[in-house]
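**Q** Below is a structure I'd like to ask you about.
Read-outs: derived from the displayed coordinates by stated rules, not from any lab. Computed from a predicted structure; not experimentally measured. Note that each Cβ is placed from the backbone with ideal geometry, even for glycine, and that neighbours are counted across all protein chains shown.
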Amino acid sequence: MIILIGGEKGGTGKTTIATNLAAMRALAGRDVLLIDTDPQGSANYWAQSRDEENINPRVACIQKFGKGLPKEVQDLANRYEDIIIDAGGRDSIELRSALVVTEKVFIPIQPSQFDIWTLNQMDELVETAQSFNPNLLAKVVISRSSTNPSVNESSDTRKLLEDFDNLHLASTTICDRIAYRKAAKDGLSISELKPKDSKATKEMELLYTEVFGDE
Ligand SMILES: Nc1ncnc2c1ncn2[C@@H]1O[C@H](COP(=O)(O)OP(=O)(O)OP(=O)(O)O)[C@@H](O)[C@H]1O
Ligand SMILES: [Mg+2]
């Protein structure tokens, strides 16, 4: 399966979600490739630190930039069971071209900075991509949400999303938890972190199931 984690807003947790899904996919025994299309290279650094620490399973990661991305992704899809593309937080040639070859795009968004304009743009980008890629499914993931139960940001977001024709709300919400930062620093996924954060692990597993289904 080819999955894209993208969006036009910076710092929403795209790389965190992409790296966690990639490691979980590898832990499930799948042959997965993480493609970092962001010049900042955070996903690539994460995979490198995994290699330096000899963490098993290895997560293969490459960096790819520019217009040639769709062709390369299609070619790589013959060699890997799954491809997870991490696109940087801005409108870029990589984001637009990845939308053409991906099956599902997940767009993390922070509810506290909910930015209707960014999603308007994404809605349009998805619509344009769907003329070449009619089966493209686009889901918005509420990410870095408050763990405080009195802050009910998700329902407001759900209402706002009704205005977009091409964007659907993912059923899983990812909360802002220190454990994600700790895991990322060591090249780990949340499920490999010790001591375990069971709430974080559970929500990322739910997202994993939502992304990959029973495959
Ligand atoms: N769920 C989370 N809980 C706690 N911290 C998080 C979470 N998600 C991301 N972060 C932290 O927030 C910062 C930005 O996250 P990340 O790099 O994943 O975002 P991004 O959307 O890929 O950013 P960019 O747009 O710059 O590529 C990082 O320091 C990361 O560790
Ligand atoms: Mg990133």
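**Q** How far apart, in nm, are the 7 Å Cα→Cβ label points at E162 and N133?
**A** Output for this residue pair reads 2.9 nm.
**Q** Between the alpha-carbon centers of the range 40-67 and the range 179-215, tell me the distance in whole angstrom.
**A** Between the Cα centre of the range 40-67 and that of the range 179-215, the gap is 17 Å.
**Q** Suppose we keep just the alpha-carbon trace of the chain; what are its Rg and Dmax in angstrom?
**A** In order Rg, Dmax, the Cα atoms of the chain give 16.1, 48 Å.
**Q** Something else: I need two numbers for the range 117-157: Rg to one decimal and Dmax as a whole number, Cα atoms only, in Å.
**A** Values for the range 117-157 (Cα only, Rg and Dmax): 14.2, 43 Å.
**Q** From Cα pairs below 8 angstrom and at least 6 apart in sequence, can you work out the relative contact order of the range 8-77, rounded to a whole percent?
**A** Relative contact order comes out at 31 percent.
**Q** Can you give me the long-range amide H partners of S145? Hydrogens built in the peptide plane at 1.01 Å from N, cutoff under 5 Å, separation of 5 or more residues or another chain.
**A** Result for S145 returns I174, C175, D176.
**Q** If each residue's Cβ is checked for other Cβ atoms within 10 Å, how do T37, T147, T172, T19 rank with the fewest at the top?
**A** Least crowded to most crowded, the residues run T147, T172, T37, T19.
**Q** Quickly work out the S154-to-I93 label distance, labels modelled 7 Å from Cα along the C-beta direction, and quote it in nm with one decimal.
**A** A separation of 4.0 nm, rounded to one decimal place.
**Q** Give the Kirkwood hydrodynamic radius (Å, one decimal) of the range 36-85, defined as one over the mean of 1/r across all pairs of different Cα atoms.
**A** 11.9 Å
**Q** Hydropathy first: keep DSSP H helices in the chain averaging at least -1.0 on Kyte-Doolittle, then drop any whose Cα extent along the axis falls short of 30 Å, and list what survives.
**A** Values: long enough: none.
Span-like helices here: none at all.
**Q** Report, in debye and to the nearest 20, how large the dipole of the range 162-215 comes out about its Cα centre when Lys and Arg carry +1 and Asp and Glu carry -1 on their Cβ.
**A** The calculated dipole for the range 162-215 is roughly 660 debye.
**Q** Moving on to the next point. Amide H of A138 versus every other amide H placed in the peptide plane: which residues, excluding those fewer than 5 positions away on the same chain, fall under 5 Å?
**A** The list, which skips near neighbours in sequence, is V105, H168.
**Q** Here's something else I'd like to know. List, in order, the whole-Hz ³J(HN,Hα) value for each residue of the range 137-144 obtained from phi through the Karplus relation with A = 6.51, B = -1.76, C = 1.60 and θ = phi - 60°; use x for Gly and Pro.
**A** 10, 10, 10, 8, 10, 6, 10, 6
**Q** Another question, if that's okay. In a Gaussian network model over the chain where Cα atoms closer than 10 Å are linked, find which of N120, N166, N78 has the largest mean-square fluctuation.
**A** N78
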